[in-house]
Amino acid sequence: MTVRSQCSRIEIDVLYFEDCPNHLPTVERIHAVLHQEGCGAKVREVLVSDVETARYVGFLGSPTVRVNGIDIEPAAIDRRDFGLMCRTYTGGVPSHELIRSAIRSAAESEGREQ
């Protein structure tokens with residue numbers, strides 16, 4: 001199975017707070033990677049508007065990217081520092097490779113479930 005054949009089941013959430021300077025560049029980068037991979041996954045932008053919501057959804061800062069509900073940074077699984085804050089990635093936004101790896105991993109998982 002290829003990434004392309006599994007893309008219809010992949011959902012990408014970009015959690016952000018209003019006026020985050022890295023929100024739109026992250027969304028643009030995700031779409032660029034999806035295009036490169038030939039993947040038509042759904043991308044949702046989710047506004048996190050207050051601290052209570054941030055804690056409820058496990059918001060690690062803006063922008064947070066999840067592919068099929070899993071944070072694209074593997075080390076984030078153990079983090080619990082939820083709140084309204086900027087999320088720092090090397091270079092400001094998640095790298096192409098970090099996004100690509102998460103998408104490919106999700107596609108592989110979908111392929112194993114069939």
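The values are calculated or read from the model by the stated rules, or taken from the named source; none is laboratory data. Small disclaimer: the values here were computed from a predicted structure and weren't measured. Cβ placement follows ideal geometry from the backbone for every residue including glycine, while neighbour counts extend to all protein chains displayed. All accessible areas refer to the heavy atoms of the entire protein, side chains included, with ligands and DNA or RNA removed. Shrake-Rupley method; radii C 1.70, N 1.55, O 1.52, S 1.80 Å.
Taken over region 100-114, the criterion of being exposed (fewer than 12 other Cβ atoms within 10 Å of the Cβ) and not charged (D, E, K, R) is satisfied by Gln114 alone.
List pairs: first in region 57-86 and under 15 Å from Ala106 (Cβ atoms), second modelled with pLDDT under 95 and surrounded by fewer than 12 Cβ atoms within 10 Å (Cβ to Cβ), Cβ under 8 Å, 6+ apart or cross-chain? These pairs meet every condition: Asp71/Ile77. Of all residues in region 28-52, those that are out of contact with any strand residue (DSSP E or B) (no Cβ under 8 Å at 6 or more places or on another chain) and either free of Cβ contacts under 8 Å to residues at least 40 places away in the same chain or part of a helix (DSSP H, G or I) (or both) total 13.
Regarding region 63-78, can at least one residue be identified that is among the basic types (Lys, Arg) and modelled with pLDDT of 95 or more? Looking for residues that are among the basic types (Lys, Arg) and modelled with pLDDT of 95 or more, one finds at least one in region 63-78, hence yes.
Looking at region 7-27, which of the residues that are farther than 15 Å from Tyr89 by Cα and in contact (Cβ under 8 Å) with a residue 60 or more places away in the chain is surrounded by the fewest Cβ atoms within 10 Å (Cβ to Cβ)? The qualifying residue surrounded by the fewest Cβ atoms within 10 Å (Cβ to Cβ) is Arg9. One residue stands out in region 53-99 among those that are assigned to a loop (DSSP other than H, G, I, E, B) and of a type in the set (Val, Ile, Thr): the one that is most open to solvent (accessible area, probe 1.4 Å), namely Thr90.
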